[in-house]
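The values are calculated or read from the model by the stated rules, or taken from the named source; none is laboratory data. Predicted model, so just to flag it, every value in this text is computed and none were measured. Backbone-built Cβ (ideal geometry, glycine too); neighbour counts: all protein chains shown.
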Amino acid sequence: MASTETADTTANAPAKAGLGGLEAGLDALETTAGGRTPFRQTFTQKILPPIIAVALVLVVWQALISLKIVDDQTKLPSPGDVAAEFRDSWLEGDLLGYIWTSISRGLLGFLLALAIGTPLGLLVARVKFVRAAIGPVLSGLQSLPSVAWVPPAVIWLGLNNSMMYAVILLGAVPSIANGLVSGIDQVPPLFLRAGRSMGATGLNNARHIVMPAALPGYLAGLKQGWAFSWRSLMAAEIIAPSPDLGIGLGALLEYGRNASSMAMVFEAIILILVVGIAIELLIFSPLERRVLRSRGLLVKS
């Protein structure tokens, strides 16, 4: 009997060793994933590449002026002229005002769109009749350029902040709702059946089962919704500027065009681009990494 037990132990030894190696490998992976990335690696992989890209753009831009490939600075100002425009705006105390006017409108409009688009997306995704009636309309509204809403919004609401928010909502709500619908469509039916078997129905089902499972698609819809919010706001500020509404980045762009000041136009374009990148890096990228990490989908190179 002892020899038999010894033989079984010897036969199972390779399997146990293999399982032990597998567990050790998984532990090593978890340890590596949980460790903090060194700053040097973060700098070389994430910070340095965009710095190099911006430097190359500035070098090519200045070369076009210095080599007189573009010798009409009324069409293409030099980087120095644009920097001087930034300096003047800063010294006059207007630069932060331009940025805050647009950001405050954009974020508030996006939050309103979020409050409307989320329940609308749930309703469309879960009720077949509503989906058949409203689903094609949402897709059509999403493909409609935001600029098309500015003239009717001005006629209906006048030149005021309500007009700005109406344009933002019409541009962002369809994207948020469609993103949530897409995320819910990708939820495995097994999750829904398991939730119902455990008593999660109605709002509890949406809160504890549907929304967490649909979160990646919903987050993609939020990112697209913000992009549409920002574009809609810029369209409204460009087409319908008014001193009573304050000068946002879109209005600054339009004022630069009216004054034939390409330096001011480039200042507005750069600020619009920087704000869009900042919102992506400060809000949506951390959210996306957190969602992916919670699902074990974040892969570190």
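When A194, A214, A177 are checked against the criterion of being crowded, with 24+ Cβ neighbours inside 10 Å, modelled with pLDDT under 85 and either out of contact with any Cys (no Cβ under 7 Å at 6 or more places or on another chain) or among the aliphatic types (A, V, I, L, M) (or both), A214 stands alone in meeting it. Is at least one residue of region 21-34 part of a loop (DSSP other than H, G, I, E, B) and at pLDDT below 90? Checked region 21-34: no residue is part of a loop (DSSP other than H, G, I, E, B) and at pLDDT below 90.
Would you mind stating whether G121 is loosely packed, with under 11 Cβ neighbours inside 10 Å and either in the same structural domain as S242 (by TED's automatic domain parsing) or more than 30 Å from P212 (Cβ to Cβ) (or both)? Considered against the rule, which asks whether it is loosely packed, with under 11 Cβ neighbours inside 10 Å and either in the same structural domain as S242 (by TED's automatic domain parsing) or more than 30 Å from P212 (Cβ to Cβ) (or both), G121 comes out as no. Looking at region 73-90, can you tell me whether even one residue there is of a type outside the set (K, R), in the same structural domain as P241 (by TED's automatic domain parsing), in a helix (DSSP H, G or I) and crowded, with 21+ Cβ neighbours inside 10 Å? Yes, region 73-90 has at least one match.
Among the residues of region 239-258, those identified as closer than 14 Å to R105 by Cα and assigned to a helix (DSSP H, G or I) are L245, L249, G250, A251.
In region 292-300, the condition of being assigned to a helix (DSSP H, G or I) and among the aliphatic types (A, V, I, L, M) is met by at least one residue.
Pairing residues of region 275-301 that are within 20 Å of A213 (Cα to Cα) with residues that are at pLDDT below 70 and not in a helix (DSSP H, G or I), at Cβ distances under 7 Å and at least 6 apart in sequence or on separate chains, gives R289/L298; L292/L298.
Can L180 be described as closer than 22 Å to E237 by Cβ, assigned to a helix (DSSP H, G or I) and not acidic (D, E)? Considered against the rule, which asks whether it is closer than 22 Å to E237 by Cβ, assigned to a helix (DSSP H, G or I) and not acidic (D, E), L180 comes out as no.
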